[in-house]
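Below is one structure, written out as structure tokens; comments come after it.
The values are calculated or read from the model by the stated rules, or taken from the named source; none is laboratory data. Just so you know, these numbers come straight off a predicted model, no measurement behind them. Ideal geometry is used to build each Cβ from the backbone, glycine not excepted, and the neighbour counts take in all protein chains shown. Please note that ligands, DNA and RNA were not included when accessible areas were found on the heavy atoms of the full protein model with its side chains. Shrake-Rupley method; radii C 1.70, N 1.55, O 1.52, S 1.80 Å.
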Amino acid sequence: MMFFSPTKLRGDAPAEGKRRRLIVIVWIFATMVIGLFLFAAISIALLSSVRAYVEAEGLWSKGQKDAIYALSRYCLYADEADYTAYLTALMVNQGDRTTRLELEKPAPNLDVAYAGFLQGRVHPDDIHGMIFIFQYLRKIPEISRAIEIWTEADGHLEEMIQVGLQIRQMTVAHSLSQVDQDIFLLKLHDINKQLTPLEDDFSYTLGYIARKSTNLILIVMAAVVAVFLSSAYVFSRRLVIQSEATQEALHQGETQLKSILQFAPLPIIIVRSSDEAVVYANEHGLKQFKIHDTDLQTLDPRDFYVVGTDRDLLISALKSTGAVNNLELHLQDADGQPFWAQYSSQRISYLGEECVISALINIDERKRVHDELHHRAFHDELTGLPNRAMFMDALRQALSRAERKKSAVSVLFIDLDHFKAVNDNFGHDMGDLLLQQVAARIQACVREGDVVGRLGGDEFVVLIEDTLPSEDVRRIAEKILTALRPVYVLGRHTANVTSSIGISTHPQDGADLNSLLSAADHAMYQAKTDGRDNVHISASIASTNSHWRST
């Protein structure tokens, strides 16, 4: 019987290999997307930190100018409110300075640096990014230049602080003259004049860094996107090529499959699993079921089963094991003509759909020969009655049932009287004809469930289960005697033949089949002794040496 592998039919690579390639492709693209996302997030964070430096510089510049303005007013008017405003404005610059000095140390205390930026009014969310830039990106020329400007500005800031201390001391001592005021104001003006270009330079440098970083980020992102799109194109094109190759291989595989199936010496059909439609049948299959290929779509596979439940059993077996081998089914063709087939089926993929392919062998002739041999082995060839072997088996089973049910079983042993004379006078052919008529007459006298057999020659036996009282069994035997008396027409001859019948009953006359048959045989001999053409019922086994007689 034929078997087909779904993988080989489709021409596909192993499913496991496909899944691995798909997982690799998905991970590659996922990695690229995640990488692009992380790069964008880091870039945005860096730009945000640069922006925070620009904002901090604005706060620093404002604080410095507010401090000079307040200190100048304090120098002129000695108003404590102005000095307080000066100190308040100066705190922003001092906080930033504290952070710079701490971060320039070999092992900076980041908490001190963080607190310094907070004092400089930097937003807490921006501080960590600003510290990161100062620590790890300070070697970049532009950032290094910005730190130099910051350092230089802090030097002028220190000069302003010293001027402020001098003004404070002289004001408290009431020794600040008009000349001193002019000198201090001039110094403050010079400090502001020196700081202004530094602040502009610092802002310009930071702006340049932001623009350069933005452009660099855009270039990198564009390159990454280009690589991503290129990779996507390459992978997509490869997938398309593989898909086309797979479809071509599938088409070629299915074409080869059809060619193979078409010339296969067995009837083969393919049925779609989803709706049980017949999608293919080779030439032998069309002939076996007497259908045309144009009728495939309208066929119902259930119509080809003599017993409809066989189809359900087949589908159930396919679902549980995936294949059915050498299953004998009683099928029929489109004309309703039944036949026996040896059936093998397996699930496959055909035309991209789940199907079931079935191959069958017509075993009608084999079945007929087998049944005929079986019949010959257990039936008398002349009369068609069960032979000795079959009768013995039936008697054995009947005795087993009787033991379980505590019932009786009777055996009638029938022997024809003077049968030898028929053979001697008319020939064996007429004797055979007589035996056939005797068999028919005996069968007409018994019940449907009783077994009539021929042991050989002119000896016949009848098995009666669930027997009635012995007198009723005797009446059946007498009925057979009466049926066998009328004249027999044997061609151009006639003959009168009577019979002698012995009856034994289980369990009185024997517990096993040999004892029971021996008792019936002995009773039959007693009937012949009593004058033939009569019935004798055995009361017990008269002799353990009784034997079977074949004439």
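Our summary of shape: the Cα atoms of the range 307-357 have principal axis extents of 34, 23, 17 Å, ordered from largest down, in whole angstrom. What is the calculated FRET efficiency for GLU148 to VAL179, with r their C-beta to C-beta distance and R₀ = 56 Å, to the nearest 0.05? Working from the Cβ atoms, E equals 0.95.
Counting protein heavy atoms only, the range 156-216 has 59 percent of its accessible area on carbon and sulfur, 1.4 angstrom probe.
In terms of packing, defined here as the mean over residues of other Cβ atoms within 10 angstrom, the peptides 173-183, 52-62 line up highest first as 52-62, 173-183. For the chain, the membrane-span-like helix rule (DSSP H, alpha carbon extent of at least 30 Å along the helix axis, mean Kyte-Doolittle at least -0.5) picks out 15-77, 80-103, 141-172, 178-262; this says nothing about an actual membrane. Summary value for the chain: 10 percent relative contact order, contacts being C-alpha pairs under 8 angstrom separated by 6+ residues. Reducing the range 450-505 and the range 287-342 to their Cα centroids gives an inter-centroid distance of 48 Å. Here the scattering of the range 266-348 is modelled by Debye summation over its C-alpha atoms, one equal scatterer each and no solvent; at q = 0.23 Å⁻¹ the log10 of I(q)/I(0) is -1.31.
Stretching the chain fully between GLU244 and ARG447 yields a gain of 65.6 nm (0.36 nm per residue, less the alpha carbon separation). The slack between GLN332 and LYS319, meaning 0.36 nm per residue of separation minus the straight C-alpha distance, is 2.3 nm. Relative to the compact-globule estimate of 2.2 N^0.38 Å, the Cα radius of gyration of the chain comes out at 2.41. Sorting the Cα pairs of the range 325-466 by distance into bins of 5 Å, from 0 upward, gives 2, 8, 12, 13, 11, 10, 10, 9, 8, 5, 4, 3, 2, 1, 1, 0, 0 percent per bin. What the Cα atoms of the range 143-229 give is an Rg and a Dmax of 22.2, 77 Å.
Scoring 372-384, 86-98, 437-449 by mean Cβ neighbours within 10 Å over their residues and listing the highest first yields 86-98, 437-449, 372-384.
Amide H contacts of GLU459 (H built 1.01 Å from N, in plane; Pro and chain starts excluded): THR551 sit under 5 Å, all sequence-distant by 5 or more or on other chains.
Per residue, the chain exposes 54 Å² of solvent-accessible protein surface, assessed with a 1.4 angstrom probe and all protein chains in place.
So if we plug the beta-carbon distance of VAL220 and SER349 into 1/(1 + (r/R0)^6) with R0 = 45 Å, what FRET efficiency do we get, rounded to 0.05?
Working: r = 47 Å, r/R0 = 1.04.
Given R0 = 45 Å and the Cβ-Cβ separation, E is 0.45.
Taking all protein chains together and a probe of 1.4 Å, list TRP340, TRP150 from the most accessible to the least accessible.
Details: TRP340 75, TRP150 25 Å².
Order by accessible area, largest first: TRP340, TRP150.
I'd like the carbon and sulfur percentage of the solvent accessible area for the range 454-519, probe radius 1.4 Å, heavy atoms only, ligands and nucleic acids excluded. For the range 454-519, the apolar C and S fraction of the accessible surface comes to 52 percent.
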